[in-house]
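Worksheet: the structure to be examined is printed underneath.
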Amino acid sequence: MSPVGPVIEATIRGKSYGARAVLENFKLTVAPGEIVALLGPSGCGKSTALRIVAGLDRDFDGEVRVLGQRVREPSSAVGVMFQEPRLLPWLSVARNVAFAVDGVEGAMPRVEALLEEVGLAGWGNALPRALSGGMEQRVALARALFREPAILLLDEPFGAVDALTRARLQSLLLRVTARHGTTVVLVTHDTREAVLLADRVVVMSAEAARRSVEIPVPLPRPRERLGAEPTVLETRLLDALGIAHTD
Amino acid sequence: MQHFTARPLTHELGEDPAAWTTEPQRVSVPVGVWFPLAVVLLLEAAVRAGWIPAHLLPAPTTVLSTLYDLAASGALWQHVAASGTRIATGFAIGAVAGVVLGLATGLRRSLEAAFDPTFQALRAIPSLAWVPLLLLWLGIDEAPKIVLIAIGALFPVYLSVQSGVRNVDRKLVELAQAFGLGQPAIAWRVLLPASLPSLFTGLRQALSLSWMFLVAAELIAATRGIGYLLTDGRETGRADVVLAAIVVLAVLGKLSDGVLKFVEARALRWRDAFDPGAGSGQRT
């Protein structure tokens, strides 16, 4: 643990939708600057856990602290990015990036710097419909970073783009978060993505009662996409998911 | 690093926008004109030849010259101004009320539960049933006509705004919540703009209903207006005046809808919907 203490301390004793329990005794502690991946199959509650940490879901039993403060509502210290870009189609790219503030005028230098950073310099006046899926996700990333959040929560952010675009966006994410020292919690169902991005992987099971398993990823950065070590780690992740061996 | 040139855009636009449309645009306008033109010419010939009695169906040229006389004498413009003012006032009142009520019931389930059944019941009343009551209450001046038009315009706008708000993507609302926006900001910055397409559909319906209600009101009790012109033509046995008034109504209806359509196209430029006539330069 880092000397300043964890930036996220989540204890979710229980969360259910109706009669179905999605999370039970789920604990997550994240140190500053750490990149943690929540890995698991659909329905394992990983997105729910992320929404609870984001302050978007308050209907659960437990406690979440972000930067030592108890989470009661979404905080400006937390940036969120979803699987879909969720750009507002009637706003220009620049206004989407500056969505946190009403009106883009005073924020223009910051917006331009962010667009430059995500490789979309000069696209500020475009409407979202002119963008490709990968470009839209870049805008969504810039928007998530707009308030300079200490923490970035990503819910399968690259799940809906093609493999090539995904690889580029993954590199972009690592570059940008490393530069800003942003702590990242990333929900994914892609073992390759988890090994590539995360310092630590929390493997969640489809059964709420089963405890999650934490697997560190002690690989140096920048990481290779191929090679023996990533493959070994991926096998460990698949094993933890219970799908390493096919019969 | 990805390179962003104009390539992805030009690729999406395609080299030839016409290749995307099933109907060739330039041809469709003349094609639509041939049929009415042929009917008009046939009528003209039939009336002149004496096959159709001219006092029942005057020749198109007679209608045109009547229209010209009405315009030259200034009477036409008085009628148009009277009707136009009633439409504008009634439509504006009805539309604003519809937006307010639609937003209120769209945003709050409790308000919907309390008021929507009443509105639905009122909506079911045929508009003309209001006329005797409005005349009793408000006399035969401008007020009953404007109120009738407002009633006509209210319900389509109310329904479209309400359903527009209800159909906004829940994910956009969640995004706004993640950015810490409160209820009023979400309504103003997400729900309202997102329901604009639906609002415009309702406004255009409301406008065409407004014209219908205007004529109904003017047919019954008026001394000016295009509806009055219709009554006057019938009472004096002037089929040419009646037809001239109908032509004026058609032109004004089309014109006012065109204005609304233009405003809609401007306000909804951001939409990424299917448009068979979309040309290049629409994007970005």
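Structure notes:
- Highest mean packing comes first when the peptides B:254-260, B:91-97 are listed by Cβ atoms within 10 Å, giving B:91-97, B:254-260.
- Highest mean packing comes first when the peptides A:30-37, B:244-251, A:174-181 are listed by Cβ atoms within 10 Å, giving A:30-37, B:244-251, A:174-181.
- Over the range A:105-218: Kirkwood hydrodynamic radius from C-alpha pairwise inverse distances, Å: 15.5
- Take the Kirkwood radius over Cα pairs of the range B:140-284, plug it into Stokes-Einstein at 37 °C and 0.692 mPa s, and you get 181 µm²/s for translational diffusion.
- Surface composition of chain B: carbon and sulfur make up 67 percent of the accessible area, probe 1.4 Å.
- The count of lysine pairs in the protein assembly as shown whose Cα atoms are under 26 Å apart, excluding pairs fewer than 8 places apart on the same chain, comes to 7.
- Computed from the alpha carbon atoms alone, the convex hull of chain B holds 185 Å³ per residue.
- Percentage of interatomic Cα-Cα distances in chain A larger than 23 Å: 51
- Excluding ligands, DNA and RNA, the accessible surface per residue across the protein assembly as shown is 51 Å² with a 1.4 Å probe.
- Packing-based ranking of A:162-173, A:125-136 yields A:125-136, A:162-173, ordered from highest to lowest mean Cβ neighbour count within 10 Å.
- Of the DSSP H helices in chain B, those whose Cα atoms cover at least 24 Å axially and whose Kyte score averages -0.5 or more: B:25-48, B:75-107, B:142-166, B:196-220, B:239-267
- Taken one residue at a time, the phi angles of the range A:32-41 give Karplus couplings (6.51, -1.76, 1.60, θ = phi - 60°) of x, x, 6, 10, 10, 9, 9, 10, x, x Hz. Gly and Pro are set to x.
- Compactness relative to 2.2 N^0.38 Å, alpha carbon Rg of the range B:109-223: 1.35
- For A:129-141, mean number of other protein chain Cβ atoms within 10 Å: 3
- The mean count of C-beta atoms from other chains within 10 Å of the C-beta of residues in B:165-177, rounded to a whole number, is 3.
- Mean-position separation - Cα centroids, the range B:132-197 and the range A:69-124, in angstrom: 29
- Globularity ratio of the protein assembly as shown, using Cα Rg and 2.2 N^0.38 Å: 1.34
The values are calculated or read from the model by the stated rules, or taken from the named source; none is laboratory data. On a predicted model such as this, the values are computed, not experimentally measured, just so you know. So basically every Cβ, Gly included, is an ideal-geometry build from the backbone, and we count neighbours across all protein chains shown. Quick note on the areas: whole protein, heavy atoms, side chains included, nothing else; ligands and nucleic acids left out. Shrake-Rupley method; radii C 1.70, N 1.55, O 1.52, S 1.80 Å.
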